[in-house]
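Undergrad: Pasting in a structure now, in structure tokens, and then I'll have a few things to ask.
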Amino acid sequence: IDADPPLFPVNLKCHANDFKDKETEHTNRAEMFVTWDPVEDHSSGLMGYYYSPVDKSGTGNGTFTNVTEVKIEKLNEEFAEIYVWCVDKVGNIGTAASSGILVDLTPPVFSNHTPEDGSWHNHTDIDCSIEIYDGTGSGVDGSTIEYSVSNDGMHGFDFWIPAWIPELNEPMVPNIKYVFQEGEENYIKWRTKDITGNGFVESPSYNIKVD
């Protein structure tokens, strides 16, 4: 006689890019690769596992599998959860373990550049800053923030210069002082990634005029 439900799976994890990926906190793809350790039932033996995006443990209202890894696709951009529970060979159904991963498909956004686009200045050394947000995503990766400067119009940009920021709060506000040339053809733009890896995404180009 086996009247006891099986134990819940342990070491349940949601991986980003494949079943062995060490990244288990966030992903920039609309899918996750779920793994857990095999469960043993020493009475009647284990039949398999059910899984579901909502907790339906204790029932058969899930997708059945007899393996310990599943790929879940077509995820929404949010914290994606999964519940996994066991059923033994006489039909006893256990409680669920749960895990999840943040699905972040959207790159950061830029706003509130200082100085304003097209503004005139009577000195060449100008403080420039911009606000960078990642909304409900994984957060801006401050180590990837860079800027590029042109003194020759919109098409004169060359290399990217790091503007690394250690803070984790948002908005991130990189601030640099740059010595521009006199004239109307000065431009600056920024780029960054988020922690999940979305990007690089570039800001608009901001015109800075010096007289």
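Undergrad: Provide the net charge surrounding V90, with neighbours chosen by a C-beta distance below 11 Å and charges set as Lys +1, Arg +1, Asp -1, Glu -1.
TA: Counting the neighbours of V90, the net charge comes to -3.
Undergrad: Something else now. With a 1.4 Å probe and all protein chains in place, put F79, F157, F200 in order of accessible area, largest first.
TA: Of F79, F157, F200, the descending order of accessible area is F79, F200, F157.
Undergrad: Per residue, how much space in cubic angstrom lies within the convex hull of the C-alpha atoms of segment 1-112?
TA: Each residue corresponds to 95 Å³ of Cα convex hull volume.
Undergrad: Moving to a separate point now. For segment 64-156, take every pair of Cα atoms, bin their distances at 5 Å starting from 0, and report each bin as a whole percent.
TA: 2, 8, 13, 14, 11, 9, 8, 7, 6, 6, 5, 4, 3, 2, 1, 1, 0
Undergrad: Would you mind getting the accessible area per residue of the chain, heavy atoms of the protein chains only, 1.4 Å probe, in Å²?
TA: So the chain comes to 54 Å² accessible per residue, rounded to a whole number.
Undergrad: So, with a 1.4 angstrom probe, what is the percent of accessible area on segment 159-211 that is carbon and sulfur?
TA: Within segment 159-211, the accessible surface is 50 percent carbon and sulfur.
Undergrad: Also: Ignoring any ligand, DNA or RNA, what whole percent of the accessible area of segment 1-89 comes from carbon and sulfur when the probe is 1.4 angstrom?
TA: 47 percent
Undergrad: Take the alpha-carbon centre of segment 188-210, take the same for segment 78-110, and report the distance between them in whole Å.
TA: 35 Å
Undergrad: Continuing with this model, one more query. For a label point 7 angstrom out from the Cα of L105 toward its Cβ, which stretches of segment 38-78 have the backbone nitrogen within less than 16 Å?
TA: What the label zone holds, given the 16 Å backbone N cut-off, is 72-78.
Undergrad: Oh, and also: By accessible area of protein heavy atoms, probe 1.4 Å, what ranking do S57, S129 get, highest first?
TA: Reading off the accessible areas and sorting them downward yields S57, S129.
Undergrad: If you take the charge dipole of the chain about its Cα centre, with +1 on Lys and Arg Cβ and -1 on Asp and Glu Cβ, which of A30, N66, W120 is farthest toward its positive end?
TA: N66
Undergrad: Next up: With all protein chains present, calculate the accessible area of H113 using a 1.4 Å probe and round the result to the nearest 10 Å².
TA: Here the residue's solvent-accessible area equals roughly 20 Å².
Undergrad: Same structure, new question: Residues with beta-carbon under 12 Å from that of P5, excluding P5: net charge, scoring Lys, Arg +1 and Asp, Glu -1?
TA: Summing Lys/Arg as +1 and Asp/Glu as -1 gives -4.
Undergrad: When only DSSP loop residues count, what chymotrypsin sites (Phe, Trp or Tyr not before Pro) in segment 1-68 have their Cβ near at most 16 other Cβ atoms within 10 Å?
TA: Answer by residue number: F19.
Undergrad: In the chain, which longest range has no trypsin sites (Lys or Arg not before Pro) that are both DSSP loop (not H, G, I, E or B) and surrounded by at most 10 other Cβ atoms within 10 Å?
TA: 75-211
Undergrad: Can you tell me the mean projection area, over all orientations, of the convex hull of the chain's alpha carbons? Units nm², please.
TA: If you wrap the Cα atoms of the chain in a convex hull and average its projections, you get 13.7 nm².
Undergrad: Mind counting lysine pairs for me in the chain? Cα separation below 28 Å, and the two need to be 8 or more apart along the chain or on different chains.
TA: Lysine pairs meeting both conditions in the chain amount to 24.
The values are calculated or read from the model by the stated rules, or taken from the named source; none is laboratory data. Note that the structure is a prediction, hence the values are computed from the model and not measured. Note that each Cβ is placed from the backbone with ideal geometry, even for glycine, and that neighbours are counted across all protein chains shown. Heads up: the accessible areas ignore ligands, DNA and RNA and are worked out on the full protein's heavy atoms, side chains in. Shrake-Rupley method; radii C 1.70, N 1.55, O 1.52, S 1.80 Å.
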